[in-house]
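Nothing in this text is a laboratory measurement; each read-out follows from the coordinates by a stated rule. These figures come from a predicted structure and were not determined experimentally. Cβ atoms come from the backbone with ideal geometry, glycine included; neighbour counts cover every protein chain shown.
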Amino acid sequence: MENKENKNNKKSKKTIVIIYAFTILVILAILVVGYLTQKQKFDNDLNNVCSEIFEKEELTGLKTFISSLKDNNQKEKVYNELKIKLQKNADDNINNYEKSHKMLNVLKEELTNNSKNNSDELNNVLSFGKNLYTYNVCLINGDIATGNGEYYSAYRVYENGKKTISSIDKQKAQRIEKKQEDIYDKAKEDAKSFLTDKINSSEIDKYVSQSVVKAYIDIVQDEELTELYNEWNKKNEIRKNEESAKEKEKEKERKKQQGVRIGMSKQDVLDSNWGEPIKINKSTYSWGTTEQWIYPNYNYLYFENGKLTSIQTNE
C-alpha cells in the first residue's frame, strides 16, 4: 500500500516537473517569438523609413520612428544601418548622398539630448558620408577632365579625391593613384605646353587657370614646371602692373574732363578740370578747418574738414 502511494507521489512529482518544464518552454518560446517579432518589426520599420528617404525624400516617417525608440541598442543599430546605407548609396550614385545626409541630420536633430558618445558617433557618420561624397565627385570630375584632354587639371582633381578618401578607404585611394599614374606624363606635357603658351602670350591671365596649374605643380613638385610657372608668374605680374598704370592714367584723364561736385575730396578736385587754385585761404576752429580755394574769374570752392561743401561760380 505504502509502495503504491510512493509510486503515485513520484509519478505526480514527475508530472508536475514535466508540466513546469513545458510551461517554462512555452514561456521561453513566447518570449523568443515576441523578441523575433519585435526585432522583425524594428527591422521592417527601419527599412521602410530608409526606403522612404531614398525614394520619396520624405522625412516624416524617420522622425516618428526615431521618436519611438527607447532602447539604446536599437539606436546604435540605427546608427550602423544608416552608415551602411550611406556608403552603399553613395557608392552606387553620388546623388543619393544628399538623401542619406538629410536622413542623418534628422537623426542628429532628434537625438540631441542623447549621450556625448552617440553625438560623436553621429558626427563621425556625417563626416564619413561627406568624405565619401567628395571622393565620388572628384572621381567623376577627374574622369571628365581626362576625357576632355585636360590632364593636369584631372591630376589635381584626383589628388583632392585621394586625400579625402585615404583615411577611410585605402583601396579607393589606390584606385585614384592608378588613374594619376596613367596620366602623369600627359599631365606634365599638358602643363608645360600651357605655361609656354602663357609666357609667350601678351595677355594677362585674370582667371582661375593660374591657381589651377599652380596647385598641380605643388602636387607633382617638378622642377622644370616650377621654373616655367615662376617665369610666367613674373611676366604676368609685370603685365598686370603695366595695365594698372594705364588704367590709372585713363582714370586721371577722365577726371580731368569732369567738373566738381559736393562731397569731393581735395585730391578729387585737383584731379578734375578745375585743377590747382591760384590761392587758398584756410581757417582753423575748435571743430575743424575750412578752406576757400580761389580760381580765376571769381570762381570759388569751399571745404570743411577736407570735403567740398560749396561751389561758387561767376556765371
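For Trp274, Trp293, what ranking results if the residue with the fewest other Cβ atoms within 10 Å of its Cβ goes first? List each step's numbers first, then the result.
Numbers: Trp274 19, Trp293 22.
Ascending number of Cβ neighbours within 10 Å: Trp274, Trp293.
Each of Leu308, Leu36 was scored by other Cβ atoms within 10 Å of its Cβ. Listed from fewest to most, they are Leu36, Leu308. Charge tally for Leu308 (other residues, Cβ to Cβ under 13 Å; Lys, Arg +1; Asp, Glu -1): -1.
Take the Cα of Glu227, step 7 Å toward its Cβ, do the same at Lys248, and the gap between the two points is 3.4 nm.
So which of Lys186/Lys240; Lys235/Lys255; Lys250/Lys307; Lys162/Lys214; Lys163/Lys214 end up more than 22 Å apart by C-alpha? Long pairs (Cα-Cα over 22 Å): Lys186/Lys240; Lys235/Lys255; Lys250/Lys307.
Taken along its principal axes, the alpha carbon cloud of the stretch 253-308 reaches lengths of 37, 22, 13 Å, longest axis first.
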